[in-house]
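To keep things clear, I will list the structure first and then write my remarks on it.
The values are calculated or read from the model by the stated rules, or taken from the named source; none is laboratory data. What you see is a predicted model, and the numbers here were worked out from it, not measured in a lab. Because the Cβ atoms are built from the backbone with ideal geometry, glycine has one as well, and the counts that use them run over all protein chains shown. All accessible areas refer to the heavy atoms of the entire protein, side chains included, with ligands and DNA or RNA removed. Shrake-Rupley method; radii C 1.70, N 1.55, O 1.52, S 1.80 Å.
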Amino acid sequence: MHHSAKQKLPAKYAVRVVGVSQARWARQKLCLQKDREQARTVIVPVLRQYSSLRHLQRDLLKYPGPNYGIPSRGIGMIVARVLRGALKIRYLLLGGSLAGGSALAKTYEKWKEALPDTKFLEGILPSQEDLDSIRSSLITYRDKIKDAVPAFTLDPKLKELGESHYDQLVVWFKERLDDAVRAAEEEKSENSVVFPDGEILTLSRVAQSLTPLVKDFSADLKQHAISFSAMGSAAEREREKAETIREKYEGLQEELMQVQLKYQKEVERLEKENKELRKSLMLKAGDIVARKKIKKSLIDMYSEVLDELCDYDSSYDTQDHLPRVVVVGDQSSGKTSVLEMVAQARIFPRGAGEMMTRAPVMVTLSEGPYHIASFKDSTREFDLTKESELAELRKEVELRMRNSVRSGRTVSHEVISMTVKGPGLQRMVLVDLPGIISTVTTDMATDTKEAIRSISQQYMSNPNAIILCIQDGSVDAERSNVTDLVSQMDPQGKRTIFVLTKVDLAEENLTNPDRIRKILSGKLFPMRAIGYFAVVTGRGNKDDSIQAIKDYEESFFRSSRIFKGGVINSHQCTTRNLSFAVSECFWKMVRDTVEQQADAFKATRFNLETEWKNNFPRTRELDRDELFEKARGDILDEVVNLSQVSPKQWEDALAKKLWDKMVTYIFENIYLPAAQTENSGTFNTTADIKLKQWADQMLPKKCVEVGWVTLEDEFRTFMERAKNSKDHDTIFDNLKACVVDEAMRRHEWEDKAADVLRVIQLNALEDRSVSDKQQWDAACKFLEDSVKEKLESTESTLREMVGPSIKEQWMYWCYPTEDQKNRAAVKAELEKLLLSDYAHKNTLSYDEVTMVRKNSQSHGAEVDNEFIRETWHPVYRRHFLRRALAKAYGCRKAFYAYHQGLEGELGVECNDVVLFWRIQQMIKITANALRQQVMNREARRLEKEIKEVLEEYGCDREKKEQLLTGRRVMLAEELKRVRQIQEKLEEFIHSLNAEK
């Protein structure tokens, strides 16, 4: 019987029984003690051998039976099994109650977070009273178990059973307990212990003493098990109810998505019908008349204000405080694609991994009957419904971006402004900025990274700018650069809208959709935003149309497990919902801030006008363009004044400049070599040869240069005279001088002019017959004046060589140098030589040089032969010129002898006069020819070139800023801009209030 009972109990509940020898020793020692407390003191050490009963010995032995004895091995095993089973049920109750309550609470919190914020679910969820009741019942179970059973660790085997096996365990325990009692009654004799006093403690008596406790504990256990079973059933019902709610919510969400998509398609259909109706109305009324009658839209008026602000520059820094939507994001994050989806046209250039946005692009979106695009500074309209014009628009955008980048830079601050109109477009102004980069490549400027961040910070620092933060959903969030920058510029997230792009790729790459939910709920990135959106802007094919991308986006969100799983709501997806939200936020910001900006411009205008009245009280306010137009008129007036110069003035000016240009050549290369000849025939022959060579080779070109210089000098003379007038304004001086210099640099004399001059000059130089006395006297005077001029120049050179005279030494306290003293000594010796030979040649012989050197040495001047020859040239030239001047004086009355051919008989040689008469006639004819070319052709060509330069400068803003400078100009510019901006703002505010 003992063995059968043992086999029915599981092995894990078996109890190790102590040996009988120890129990007999205890019985012999305390055989005379009959008191119940003494028996307990004997049994306790024995029961301590049972590992499972160490902590329960006092509670389980409070009521032992009347007979004292130690049970045998079978009785001990039964008692151990009973107690161990009871204890393990207590473990189960305590741990299961606490763990089950905790799990139930945690499960409820998860359900609560997942439930949608809708009113129709309030009646389905458990009320607060039900939750309080469950919580109080759990606390009651915990306290009751705590009072009944001491705390101890739960058996790990029972943990594996789980909550659902409590009922089976209770039934199994009752069956095993009944079997143990029956087995104990059948083995009374075999499993008994005899104490020294003769009393026997049997298992039946121990079982009888334990039976009340076991019954009470079993009843309590049963009650707790029933209660926990009921609680588990309630939790299961709540779980089923939550699943039902979730299924209903997902169904409603999907139904809402379908309704929204249908609504969008219906709106698009109505917009297309509206577009066709507008087209037909405009065609009936006439395009020109219709365009005149159509008023500017609000967004167009607002865009004009922003265009003015882009060019406006002042110390008040008010241009950045008007709202605009700033699109920022990492490179290749999909910024441009989002903007194209909002504009409903692929208007931007694109490249595989290459930086395409190199300058800020301000796009003004407005509603219109035709889907067109145009630039601010151009009248051309691109039809966005035609792929060919779309390609041309993209090329134009790319060209403007590259032209805006100068001086080896990669990005530019210049704004490219364009307008896109079309049916269904949301009215707003967006600024597409270059993408944030983390690495600068070799084909970029070294400061590209900092320049891009500077541009982004400049636009985002506007307190009224709406930041559209674009994040690539297909890459790790940790690789984002833009979110940190946005969080710095807008830490509270009051004007930031977060957009997660490429959600289709994110769904494929991410195994955990909860990460996307965290992103769109603002719990992943260290930034805040007023709205979070998920969009799909294509499948990576740059040739896809906008409609194809929209269809793909709608189909994706309709079947996406991210949407169906409740990760995102219907209003957080698709670019259409995004454009609605951005437009609404944009106009709210505009209405809240535009009047404040208008007041700021009023204060700015008042300050500028006060400054102008104080500094320039009697001057009209002219900006650079107006000043340039005034300067243009003044310059063209001076060109017209060239026609007022008389022919005589032109010829006198040209003749003077011609002689100044050729006098040195005539004396050095023609007159002096001819004068060294022995007779008049040789003189004339030498002169003819020299003159012909000169006229063939250099003279015509030199004369053309003289004509051009004379024209320039005369024009500059008029410009200088204008400066002396009382109406002269110094602000134009730099501009006028620069225009004249540029026109003169470009001007070229006609090519045929030199050939024409060559013919008439050769004819003039070949004529040697002076026709009348007047011409002879003029030639004599011309020769005398020319020789005197050269003589003065030569004497000046000699004075510098020999130093100050004795008079100058005494009067001015200046003394000659040693070299000048030597020159003076040599000069004196050379003059003696010339006095001795009046007709001396222009060279010194070796003997003459030696004689001069020795004579100079005798006077203390140590000189060499070269020194003497250097001094000889000016000395001889002065001697020659004095001779020529004397001859000219002698020829004044020799006209009759020349005319009659009696020069030789009278001893008068006037070849010098004839030579200079030929030169004088050539100069007169050349001056007359040049004067005709100047007045008939070159002055008009110069006027044309000046007009071309003025046209170029008029289109070059930087050139005008460089040439027209000063506080007066800057102040007038600011006043004009501020007035324009204020007027446009007031017009916009008036229309905005009227629309309300």
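The relative contact order of the range 671-816, computed from alpha carbon pairs under 8 Å that lie at least 6 residues apart in sequence, is 23 percent.
Heavy-atom accessible surface of the range 448-492, averaged per residue, reaches 38 Å², computed with a 1.4 Å probe. Per residue, the range 564-699 exposes 50 Å² of accessible surface when a 1.4 Å probe is rolled over the protein heavy atoms with every protein chain present.
Quick check: from the Cα gyration tensor, does the range 349-499 come out rounded (a/c under 1.5), prolate or oblate? Verdict is oblate for the range 349-499.
Rolling a 1.4 Å probe over the protein chains gives ASP777 an accessible area of about 60 Å². Computed with a 1.4 Å probe over protein heavy atoms only, the accessible area of CYS585 comes to about 30 Å². Mean separation of Cα pairs under 8 Å and 6 or more residues apart, divided by the residue count, gives the range 773-898 a relative contact order of 37 percent.
Leaving out ligands, DNA and RNA, what percent of the accessible area of the range 424-532 is carbon and sulfur, probe 1.4 Å?
Here it works out to 44 percent.
The residues of the range 395-441 have, on average, 41 Å² of accessible surface per residue, using a 1.4 Å probe with all protein chains present.
Of the heavy-atom accessible surface of the range 597-642 (probe 1.4 angstrom), what whole percent is carbon and sulfur?
Numbers: 1150 of 2520 Å².
For the range 597-642, the apolar C and S fraction of the accessible surface comes to 46 percent.
Of the cross-linked pairs LYS588/LYS976; LYS395/LYS542; LYS661/LYS788, which ones have a Cα-Cα span greater than 19 Å in the structure shown? Where the Cα-Cα span goes over 19 Å, the pairs concerned are LYS588/LYS976. Considering only alpha-carbon pairs that sit under 8 angstrom and 6 or more positions apart, the relative contact order computed for the range 335-489 is 28 percent. Of the accessible area of the range 883-993, computed with a 1.4 Å probe over protein heavy atoms only, carbon and sulfur atoms account for 46 percent.
GLU236 to SER454: FRET efficiency via 1/(1 + (r/R0)^6), r the Cβ-Cβ distance, R0 60 Å, to the nearest 0.05?
After rounding to 0.05, the efficiency reads 0.45.
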